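Notes to accompany the following structure.
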Amino acid sequence: MFLKDGVAEVEGGRLVGTASADGVVFAFKGVPYAKAPIGELRWRPPQRCAPWAGLRCAQSFAPRCIQPARAANAIGNFGPEPESEDCLYLNLWTAARSAEERRPVMVWFHGGAFYLGSGALPLFDGAQLARQGVVLVTVNYRLGRLGFLAHPDLTTESGTGASGNYGLMDQIAALRWVRDNVAAFGGDPGCVTIFGQSAGSLSVSCHMVSPLAKGLFHRAIGQSAGAFGPVADSSGTGDSMQSLAAAERSGLALARALGAKSIAELRARPARGIQLVRPGGAPDAGEVIDPSRASRGAFDTAYPIIDGHVLPECAYAVFAAGRQNDVPVLTGSTANEGATMPEAPSRAAFTSQARSDFGAMAARFLQLYPANSDAEARAASRTSIGYRNFIWQNWTWARLQAATGRSKAFYYHFSRVSPLPPDADYFENPADKFGAFHGSEIPYVFRTLDVRPWPWQELDRRLSAMMSAYWVNFAAAGDPNGAGLPEWPAFDGQSQRAMLFGDTTTVAPVPMRERLEFWDPYYAGLR
């Protein structure tokens, strides 16, 4: 039941939120959806949280998962946040006034390569989407080794023959909480859309594969990532999905590095030391890194695992066989996904890496991603990583859903270049080289452009209004189309039409298809 004065009653007790200045939107922040995963609950599935007495204040964000600090001049840095191993909280925005309204629900999983980020970033403020008629939820989940450590002893004690994937299980627990409680905020538990960007998008594709998530959501939006092929080892963005056996070996290596002889000893160690220790060195609580600039180490398992329980098989195989949790899909990527990724230092290094990675396919690769000078090689390396790690993933997601699912797929390509100030000091790249970078579409979707004090133009605001309307329509009906919007056709494997969001918005064939198609035989060979 949704009560007056910003008070809502959920299964744990009563919550009091805060109203927007005009009284239209209520925000409930720092809402627990599971017990604190500390002590004996470290590296266990999330447990239902205990009820509380009286009125619980839900007016400020809870801590994010312990993680390294982003560089101060990283484009994804929005300042410090509290951190704790006790991090299983969600945030909710609603403009509903009664449970009978049954508004569509959108649940956002943040990105950050599975070892950075939180649901509290200003970019993800849900007030504007709530004003457009949805109940918006953002979720914190376990990250890094706290969220994805596998170990033979954990597998033995689990009772499921699996370990790792605790971060994904946290997300699933949050979806169960939404199912059981969102009606108290005027939401419809039978109309839930999961969406995310980067690692959050990859998470969405995992939930379309996981039997544990079946029935907990009804539409899926994936922005700039998917779990359909291993990312580049040379990209610096982290690991690809491992088998359980490989992930267990990584877990054993971590235990040896920490001098822990048992899981009990690991559980007794401080969380920061476990999360931040580097190969060959002691934990560094003040270490500053960025997912685009540093690999995470030889004994990391900070990534989803094909464990036979949460993820029974790789996503490509499940989709190809038509066994996915079949819901409508909206997916796509940005034009310059690799802008913030590491670059090859020289032409020689780039071509050498190409020959190592692609063998007989290297010549074709270098035709599609030419590097005739050191400068071209630096640009080509970022471009190719963008296609390999992101653009191909979402294009393949749309193709597989269109080919094997009964539910429709909708595909987009985002190319609008955000108006960064010319003197912007972001360490990844000079401002004039960013283009439509990884994550640049997020504030357009959330209508949070002004979080960044850039010289936004009227065109940006119109595009943001249009994109957010498409996303909200999709959440409501499984189709982004609606009154006053250009028609967005469903994706099919023959015409392969995409919605192009740029300086103009139009429907056209998928851009740069030759570059995308290069990766099909490459991944087929790996499979």
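The values are calculated or read from the model by the stated rules, or taken from the named source; none is laboratory data. Note that the coordinates shown come from a computational prediction; the quantities given were computed from them, not determined experimentally. Cβ coordinates were reconstructed from backbone atoms using ideal geometry, including for glycine residues, and neighbour counts include every protein chain displayed.
Structure above, values below:
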{"quantity": "Filter result (surrounded by 11 or more Cβ atoms within 10 Å (Cβ to Cβ), more than 24 Å from the chain's Cα centre (by Cα) and not small (G, A, S)) within the range 489-502", "calculated": "P489, D492, Q496, R497"}
{"quantity": "From E9, E81, residue being outside any loop (DSSP other than H, G, I, E, B) and surrounded by fewer than 21 Cβ atoms within 10 Å (Cβ to Cβ)", "calculated": "E9"}
{"quantity": "Close pairs (6 angstrom Cβ cut-off, 6 or more residues apart or separate chains): in contact (Cβ under 8 Å) with a residue 60 or more places away in the chain in the range 507-527, of a type in the set (A, V, I, L, M, F, W, C) anywhere", "calculated": "V510/A498; R515/L368; L516/W392; L516/W395; F518/L368; W519/W392"}
{"quantity": "So A362, is it under 29 Å from A74 (Cβ atoms) and either polar (S, T, N, Q) or in the same structural domain as D520 (by TED's automatic domain parsing) (or both)", "calculated": "no"}
{"quantity": "Selection status of D479, acidic (D, E), out of contact with any strand residue (DSSP E or B) (no Cβ under 6 Å at 6 or more places or on another chain) and closer than 19 Å to Q401 by Cβ", "calculated": "yes"}
{"quantity": "Options V24, V16, V31; residue that is modelled with pLDDT of 95 or more, crowded, with 18+ Cβ neighbours inside 10 Å, in the same structural domain as E265 (by TED's automatic domain parsing) and of a type in the set (V, I, T)", "calculated": "V31"}
{"quantity": "Members of the range 314-327 that are part of a loop (DSSP other than H, G, I, E, B) and either outside the structural domain of L216 (by TED's automatic domain parsing) or within 20 Å of the chain's Cα centre (by Cα) (or both)", "calculated": "C314, Q324, N325, D326, V327"}
{"quantity": "Hits in the range 167-226 - residues which are outside any helix (DSSP H, G or I), farther than 17 Å from A315 by Cβ and basic (K, R)", "calculated": "R219"}
{"quantity": "Which numbered condition A58 misses (of (1) more than 25 Å from the chain's Cα centre (by Cα); (2) free of Cβ contacts under 8 Å to residues at least 60 places away in the same chain)", "calculated": "(1)"}
{"quantity": "Hits in the range 489-527 - residues which are aromatic (F, W, Y) and touching an Asp or Glu at 6+ places or on another chain (Cβ under 8 Å)", "calculated": "F501"}
{"quantity": "Single unsatisfied condition, A74 versus (1) under 22 Å from Y444 (Cβ atoms); (2) in the same structural domain as Q171 (by TED's automatic domain parsing); (3) crowded, with 17+ Cβ neighbours inside 10 Å", "calculated": "(2)"}
{"quantity": "Q197 out of contact with any Phe, Trp or Tyr (no Cβ under 8 Å at 6 or more places or on another chain), crowded, with 24+ Cβ neighbours inside 10 Å and either within 22 Å of G17 (Cβ to Cβ) or not assigned by TED's automatic domain parsing to the domain that holds V445 (or both)", "calculated": "yes"}
{"quantity": "Qualifying position, being buried (at least 16 other Cβ atoms within 10 Å of the Cβ) and either modelled with pLDDT of 95 or more or closer than 27 Å to L212 by Cα (or both), among A69, A36", "calculated": "A36"}
{"quantity": "Residue pairs meeting the criteria (Cβ under 8 Å; at least 6 apart or on separate chains; first within 16 Å of F217 (Cα to Cα), in the range 321-341; second of a type in the set (V, I, T) and in a loop (DSSP other than H, G, I, E, B))", "calculated": "Q324/V209; N325/V209"}
{"quantity": "Residue satisfying condition, being modelled with pLDDT of 95 or more and either surrounded by fewer than 24 Cβ atoms within 10 Å (Cβ to Cβ) or within 21 Å of the chain's Cα centre (by Cα) (or both), within set G226, G238", "calculated": "G226"}
